[in-house]
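The structure appears below as C-alpha cells.
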Amino acid sequence: MRLATWNVNSIRSRADRVAAWLQRRDLDVLALQETKCRDDQFPEEPFRDLGYEVAHVGFSQWNGVAILSRVGLDDVEVGFPGQPWWGAGGGDAADTEARAIGATCGGVRVWSLYVPNGRTLTDPHYRYKLDWLGALRETAAGWLTADPAAQIALAGDWNIAPQDDDVWDMGVFTHSTHVSGPERAAFRSVVEAGYSDVVRPFTPGPGVYTYWDYTKLRFPRREGMRIDFVLGSPALARRVTAALIDREERKGKGASDHAPVAVALS
DNA sequence: ATGTCGGGTGTTACCCGA
C-alpha cells in the first residue's frame with residue numbers, strides 16, 4: 001500500500017495535477033491539506049474517475065482537509081476528539097477552521113492534519129497552535145493505550161521544523177514561528193507518545209525540505225523547510241519499506257508551495 | 001519589491017492568509 005500527504009494550496013486550482021501525480025506514483029491513499037474550498041466546491045470527478053473515494057471537510061476558502069482512497073474509506077471522522085476550534089463560540093462556519101479528518105483505509109487509520117500556522121509568536125493563533133497540538137497528543141496517545149497494535153498514520157502539514165537542519169538558515173528564523181522551543185516540544189511530545197517520523201530515515205538531511213515559499217526565489221535557491229510529515233504508530237512504522245519527498249512536484253507553473261511526501265508499506 | 005500564490009469582494013484594485 002502506498003500512502004502520501006500533500007498540502008496542495010487549493011484543490012480547485014490543482015485537481016488535474018494531483019490526479020496525474022496519483023496515477024504516476026500509483027498511490028492508494030492521499031491526505032490533502034489546504035484544499036481551500038467548501039465541501040460542495042471540491043472537484044471530486046477527476047479522482048472518482050481514477051477509482052478513489054473522497055472524504056473532505058471545508059467550511060470556507062481557508063484551510064480544508066481531505067482523504068482520497070482507493071482501498072476503502074470508512075468511519076470518516078471530522079476533527080479529532082478534543083480538537084480546539086478557532087472561532088468557536090459565537091462564530092459561524094466561515095470562521096471555523098477545518099484542520100483534521102480521519103478515515104480507515106485498507107486497515108490503516110489515516111489522519112489528514114493541517115496544524116495551525118501560528119502566524120507570530122505573540123498572536124493568539126500561536127497559543128491555539130500549541131493547544132491544538134497538545135490536544136492531538138493526548139488523543140493520539142489514548143489511541144495507542146487502547147490498542148498498542150493500532151496502525152495509525154498522522155499525516156499532514158505540521159507547520160513545525162523540528163530540527164535546525166529542517167530550515168536552510170536558522171538565522172532567518174530568530175523570533176519566528178515553526179522553530180520555537182514550544183512548537184518543537186509539542187511535536188516531540190507526539191513522537192514520544194509513540195508516533196515516529198517514518199519518512200526522515202529514507203530522506204536524511206540537511207537540505208531536504210517539503211515546502212518552499214513562493215517569494216524570494218526560495219525554490220530555485222533551495223531555501224526551504226521540512227514541515228510536512230507522516231508520523232506512524234509502532235505497528236505502522238514497522239511496515240514502512242520506502243519513502244520519498246517528490247521535489248519534482250514543486251517545479252513549474254501551477255505548483256503548490258509544498259511537495260508531496262509518500263510512504264510505501266509492506 | 002516578500003523577485004509569490006491562492007482565495008475573496010463593496011471586483012478590473014485591493015483585502016487576507018501563508
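The values are calculated or read from the model by the stated rules, or taken from the named source; none is laboratory data. Values in this document were obtained by computation on a predicted structure and should not be read as measured data. Glycine also receives a Cβ, built like all others from the backbone with ideal geometry; neighbour counts cover every protein chain displayed.
Among (1) more than 10 Å from DNA strand B (Cβ to nearest atom); (2) in contact with a His (Cβ under 8 Å, 6 or more places away or on another chain), there is one condition A:T35 misses while meeting the rest; what is its number? A:T35 satisfies all of (1) more than 10 Å from DNA strand B (Cβ to nearest atom); (2) in contact with a His (Cβ under 8 Å, 6 or more places away or on another chain) except (1).
Each row is one residue, and each column tells you yes or no for (1) out of contact with any Gly (no Cβ under 7 Å at 6 or more places or on another chain); (2) modelled with pLDDT of 95 or more; (3) among the small types (G, A, S).
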| position | (1), (2), (3) |
| --- | --- |
| A:C37 | no, yes, no |
| A:F47 | yes, yes, no |
| A:S69 | yes, yes, yes |
| A:D75 | yes, yes, no |
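Condition check ((1) within 30 Å of A:H175 (Cα to Cα); (2) in contact with a Ser or Thr (Cβ under 7 Å, 6 or more places away or on another chain)) across all residues:
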residue	(1), (2)
A:P46	no, no
A:A66	no, yes
A:R127	yes, no
A:A135	yes, no
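A:D75 meets each of the listed conditions (1) farther than 25 Å from A:R137 by Cβ; (2) among the acidic types (D, E); (3) surrounded by fewer than 14 Cβ atoms within 10 Å (Cβ to Cβ) apart from (1).
Meeting the requirement of 1 or more residues that are within 13 Å of DNA strand B (Cβ to nearest atom) and of a type in the set (D, E), the strands (runs of 3 or more DSSP E) wholly within the stretch A:58-165 are A:152-157.
Looking at the stretch A:222-266, which of its residues are assigned to a helix (DSSP H, G or I), aliphatic (A, V, I, L, M) and surrounded by fewer than 24 Cβ atoms within 10 Å (Cβ to Cβ)? Can you show your working first?
Pass one, the stretch A:222-266, residues assigned to a helix (DSSP H, G or I): A:234-237, A:247-250.
Remaining after also requiring aliphatic (A, V, I, L, M): A:235-237.
Passing the criteria: A:A235, A:A237.
Just so you know, in the stretch A:236-255 the residues that are within 16 Å of DNA strand B (Cβ to nearest atom) and in contact with a helix residue (DSSP H, G or I) (Cβ under 7 Å, 6 or more places away or on another chain) include one that is farthest from A:S112 (Cα to Cα), and it is A:G254. Scanning the stretch A:164-176 for residues that are surrounded by fewer than 16 Cβ atoms within 10 Å (Cβ to Cβ), touching a residue at least 24 places away in the same chain (Cβ under 8 Å) and not acidic (D, E) yields A:H175, A:S176.
Would you check if A:E45 is closer than 17 Å to A:N117 by Cβ and of a type outside the set (S, T, Y)? Give the steps one after another, and end with the answer.
Values: closer than 17 Å to A:N117 by Cβ: no; of a type outside the set (S, T, Y): yes.
Judged against the criteria, A:E45 is not a match.
Of all residues in the stretch A:122-141, those being without any contact (Cβ under 8 Å) to a residue 12 or more places away in the chain and not charged (D, E, K, R) number 2.
Return the pair list, or none, for Cβ contacts closer than 9 Å from residues in the stretch A:250-266 that are without any contact (Cβ under 8 Å) to a residue 60 or more places away in the chain to residues that are of a type in the set (S, T, N, Q) and more than 14 Å from DNA strand B (Cβ to nearest atom), at least 6 apart or on different chains. Between residues of the stretch A:250-266 that are without any contact (Cβ under 8 Å) to a residue 60 or more places away in the chain and residues that are of a type in the set (S, T, N, Q) and more than 14 Å from DNA strand B (Cβ to nearest atom), the close pairs are A:S266/A:T241. For the stretch A:58-86, residues that are under 20 Å from A:V110 (Cβ atoms) and in contact with a helix residue (DSSP H, G or I) (Cβ under 7 Å, 6 or more places away or on another chain) total 6.
The C-beta contact set for the stretch A:15-44 (first residue aromatic (F, W, Y) and in a loop (DSSP other than H, G, I, E, B), second residue modelled with pLDDT of 95 or more and within 11 Å of DNA strand B (Cβ to nearest atom), distance under 9 angstrom, 6+ apart or interchain) comprises A:F42/A:I11; A:F42/A:R12; A:F42/A:A15; A:F42/A:T35; A:F42/A:G58; A:F42/A:G64.
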